[in-house]
1. Any idea which of (1) surrounded by fewer than 22 Cβ atoms within 10 Å (Cβ to Cβ); (2) at pLDDT 90 or above is the one residue B:307 doesn't satisfy?
2. Test residue C:176 against the criterion of being part of a loop (DSSP other than H, G, I, E, B), open to solvent by 50 Å² or more (accessible area, probe 1.4 Å) and out of contact with any strand residue (DSSP E or B) (no Cβ under 6 Å at 6 or more places or on another chain), and give yes or no.
3. Any chance you could count how many residues in the range A:7-27 are surrounded by 13 or more Cβ atoms within 10 Å (Cβ to Cβ) and under 22 Å from residue C:625 (Cα atoms)?
4. Confirm whether residue B:258 is farther than 24 Å from residue B:133 by Cβ and either in the same structural domain as residue B:134 (by TED's automatic domain parsing) or in contact with a His (Cβ under 9 Å, 6 or more places away or on another chain) (or both).
5. Within the range B:278-293, is there a residue that is open to solvent by 10 Å² or more (accessible area, probe 1.4 Å), within 14 Å of another protein chain (Cβ to nearest Cβ) and free of Cβ contacts under 8 Å to residues at least 12 places away in the same chain?
6. Mind listing whichever residues of the range A:53-62 are surrounded by 21 or more Cβ atoms within 10 Å (Cβ to Cβ) and either more than 16 Å from residue B:108 (Cα to Cα) or within 9 Å of chain B (Cβ to nearest Cβ) (or both)?
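The values are calculated or read from the model by the stated rules, or taken from the named source; none is laboratory data. What you see is a predicted model, and the numbers here were worked out from it, not measured in a lab. All Cβ positions, even for glycine, are placed from backbone atoms using ideal geometry, and neighbour counts span all protein chains on display. Areas reflect the complete protein model, heavy atoms only, side chains present, ligands, DNA and RNA absent. Shrake-Rupley method; radii C 1.70, N 1.55, O 1.52, S 1.80 Å.
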Amino acid sequence: MSAVDSTTSRVLVFYCTRQKPSDHPGFRELVIGESDSVEIEVPCSGRVGTGEIMRGLAEGYDRVIVLSCGVKSCVHRFGCPEAKKAMEKARKLAQTAGLDPKRIFFYEADNPDGSGE
Amino acid sequence: MPDKKRHSLHDLPGQCGFVSGGLEPNDSVCPVTRYRPEFVPSRLIDEAMSGWFPTLIRHCIGCELCSPDMEHSFANCADKLLLQGGVREDYMPRAFSGALDAIVSIQLRNEGSQNRLGWIGEGLKIKAPDHEGKVALFVGNTPYLDSLLGDEIGYYPTDESNAAIELLNSVGVEPVVLPDEVDCGRDRLHAGDRAAFIALGTRNRDLLRERGVKTIVTTCDDVRYTLGTRYPGRIPDWDFEVVRLADFLVSRGGKLAFMPTRETVAIQPPDIYSDPGGNDAVRELLKRIPELIVKTMAPGMPSTFGSWNQFDSYSKLLETDYLRAAEATSAPTLLVSGTTMLVRLLEGRRPGSWEETSIKIKGFYRFLSERHTVAEEFAGA
Amino acid sequence: MTVNDSNTLNIHIVGRDLEFHPVKESPCRRACPAGIDVKRYVGQIAGGDFAGALATIRKHMPFPSACGRICIHPCENECARGDIDKPIAIMHLKRFVLEYELRSGNGQPLPECAESTGKKIAIIGSGPAGLTAAQDLALSGHSVTVFEKDSTPGGNLTNAIPEFELPNNSVAHDIDRITGLGVKIVCDHPVDPENGIGTLLGEGYDCVLIASGASNRWSGFSGKSWIEGGDTGITGTLEFMRKFSAGPSEDEDNPGRVVVLGWGVQALGCARTAVRLGCSVKWIVPVLKNTLQPDPERVKLAEEEGVEILELTRPLSIIKFGDKITGINVTGLEADEIDHANRMSYGIAPGTERVIECDTIIDAAYFSSETSWPGFSDGPWNAISVDRDTMTTSRPGIFAAGDIVSGAKSVVEAVSAGHRAAAGINRYLSGEIADIGSMSRPIKVSGWELDDPSRTPSEVLRPKARPVDERAKDFDEAVESFSVWEATHEARRCLLCGPCEECSVCLSNCYRKRGTAIDESGNSVLIRMPLGVARGIREETIVGKPDDINLFTAVVDPERCRGCGVCENVCEYHAPRIAPDSKYGLVSSIDILACKGCGTCISMCPSGAIDQGVSSLHQVDRKIRGGKR
């Protein structure tokens, strides 16, 4: 698959309403970089399912990122864990479809070092 | 008589009230009318003839129960109308939040090779990637359904595809299984996305030709329907034979033998592809299993529940009635010979859901493969 | 469908295809006659937003000074925390945020009044009912003049409540905010009951509101004096408090041995005032001590200060020597029977009559209006009858509210009456026909889901009273206010009852702050969506403006739902429920009051049957596609 070209790539970001990208200084530099981004606010990362992620890839985004509170800090308790499961499923589908599963990125606000796992 | 000059519809089906008639909606032949009384095929044809696009046509599930003549069936007309109508402005694929549709879009973008053969079991034989073969097994979206649904419903649809390869191997066939097979296009056809439907069909055609395929075998009735009746005339130079696996096994599997099994199973009635006498390949194969008791469900049950765009409450009502009809035979197990139907029925009975019926559901081809034997005393029984 | 105010929505009507549910408020809010958003301000205090909390209080309560000290606090009576240990100290928290503002010197800006309507309103009486109505009417853009017969405004707040319970300068601060809106208060200006209203109308006032109160002593119980031998010489509450509420009188008059009659907050105030004057005080009450109207904490303070409470005791007759009162004949009471409302009634206990020597008897048992309003007063104690929803009298354009209508009630009830009167006047002036159904009626709700109490602090805090040997001798405030730590700690004990977290997340997500719905008459009504609460409104059933609908909660389309139960299994709020439906088989439906709008069920639904307005399927789809379709 084509390598991510940060000068022309497009990134789709779903962010939980409690975790605006502007609240995370490292987020933009490390994760979005120079890419053009489309940012969609959702009430909780649980709103982002396998379908939303896959549609992002189908639409041609080079990366689909979910910016979430974190499994421990999710106000809705089950939202972030379900979002992570949806991400795992989307990665399997992406792999089967011949896409690099690392194009799907999960950024946890309370575990930024472990993000992307 | 229909005005042929106004439309390109040919030989519209008769409007005798046969399909949607009856005293009660439940009496109607059309399974859609049973749950949507407003869905009256003859009225829809009238509207089409008057120049209106009958939006209700989208509810047609393509079961073909309405007509013995597939080419001139209402379902075929419906598909023609759908393709003419185009994609609705507010259309959005909803099944699995659009994940399946997204996979089709990714396939259309053709960004690279798929990794879709990991499900093939050890010991099973398929043609190597650079080898030609006359027979191809078309598996459809089952590798994706494994990831999407498998863990949740406790069933991986590629199991039926594995069983298919086993059975093909047992009759001496090593099928071609395309590593880059794309979606058959049924959902896109139903959505009116003509361009995508043509693109998918054309891709499949080219991939199959590259491998020298002449006959396409499938476990899925929806694939058979799409590749067998909807591709011809729409996908240029589509000249493959499309056969249900059961029919293929009967035609090629003279010595196909099975172990005795003291079970009772239910199967759906013969469908439109069957011999009007009531025998069909499914029954034929089951007859070869000694001691097996086969019960046929009441007539009027379809062999498809429609596309994934029709994955809704009406479909669920139909699926539940299907299972009730199977339970009414008093058989403890229902064999389902169409993979997509099987997935839909199992999805409706996923763990944690209300179980309105309790009959066990099993894939027909896995049932056969579990009982298949090479023991000579059973050969040709 | 009815609208209470811009922030509350009580919906009673089920439309054709619409399903509205009554607002399930938290029990504290539901109990508050003034409709204060109690849970919200307690939550704001817990979060350290003291200014926000005071703003929330002021939305419905123009007298936080009074309500934070002497309120009957029905909210605390309903507080679910009381089932575990003690209710949240809601009243004291209110006082805390007001004092925090006063200490910090950062007064909140006054709200802006609407554009002038050119209408003039006259209000008779500057008590809590009259001034609340004045505030609301001034905010609506009318010109308001309040006529007060006394030399200072405030009514009972400044005249009848002792300084150590409610400092006058604190009340003055609240009144200043009302006059700051342009309300004129003319003191020393009694209105002649005979022709005063006619005069006001002749001077160009479009409406008159009578809020003259009922703080006079009333002896006419059951049509005759309730104490044998007449009531000459008995002192009324107002008479007593006018002289002594701020301390000893200038003429050094001393009441001597005092007996106080009555069982409410005014009687308590008189008793505690008399103690501070050095008097011996006996408080005669016909009920058990623990059933007195004032809350037990204040009764306990009174006893500590030296008030002797004679419970289950009833006065019979006065004993005089010449004109001077020398004693009061009383009898004991005993339990008689339990009435239909499960209340105990008491009868005279034989052989318990006795004389209590005293010099002054203060009667704080029954109250009447000082003034009878000819043509309006038709009740036994000069009460005025009104339509309870619009507060209009028998004459169009003349309204009445407060104690003059209801009899002596608490401050919060008077404030509630003031709000209703202002709403009634606004409707009258705008020409709308008053509609009974258009006023909100709280709906009784039972059963709450409570937050896990182990996650809240367990220590119950109450403000400290000053040492009794100090406070019983002066008229400074007897009880201190909470400290910042104490207030936030106490507020964090709140169990957050009711389904809505009132976290305002939905508001910050809302693309429109309005919604359209239809009532049973088929009229399209524009409503404001309430804070933190959403409605399960189906877009396709709305007449007029589907884009205006604000949906935060999840909604199931039964045509798409397969009843698979995925939503039910994932949601820990138990909002989705699967149940049989006669048309669609098994389908899910969402309890919109349990749903927090996280959207997880939406992303997990295999058939795409669930949706929400914010981050709807179509919205997200359009955004993913970059607005191409």
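1. Residue B:307 satisfies all of (1) surrounded by fewer than 22 Cβ atoms within 10 Å (Cβ to Cβ); (2) at pLDDT 90 or above except (1).
2. Judged against the criteria, residue C:176 is not a match.
3. As a first pass, look at the range A:7-27 and keep what is surrounded by 13 or more Cβ atoms within 10 Å (Cβ to Cβ): A:9-21, A:24, A:27.
Next, from what is left, pick out any that are under 22 Å from residue C:625 (Cα atoms): A:9-17, A:20-21.
Qualifying residue count, the range A:7-27: 11.
4. yes
5. Checking the range B:278-293: not a single residue is open to solvent by 10 Å² or more (accessible area, probe 1.4 Å), within 14 Å of another protein chain (Cβ to nearest Cβ) and free of Cβ contacts under 8 Å to residues at least 12 places away in the same chain.
6. Correct list: A:53, A:54, A:55, A:56, A:57, A:58, A:62.
Here's the yes/no breakdown for (1) assigned to a helix (DSSP H, G or I); (2) aromatic (Phe, Trp, Tyr); (3) closer than 26 Å to residue B:185 by Cα:
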residue	(1), (2), (3)
B:295	no, no, no
B:314	yes, yes, yes
B:334	no, no, no
B:356	no, no, no
B:367	yes, yes, no
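Rundown of residues vs (1) of a type in the set (Asp, Glu); (2) assigned to a helix (DSSP H, G or I); (3) out of contact with any strand residue (DSSP E or B) (no Cβ under 6 Å at 6 or more places or on another chain), yes/no style:
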position	(1), (2), (3)
B:189	no, yes, yes
B:195	no, yes, yes
B:198	no, yes, yes
B:202	no, yes, yes
B:227	no, yes, no
B:236	no, no, yes
B:239	yes, no, yes
B:243	no, no, no
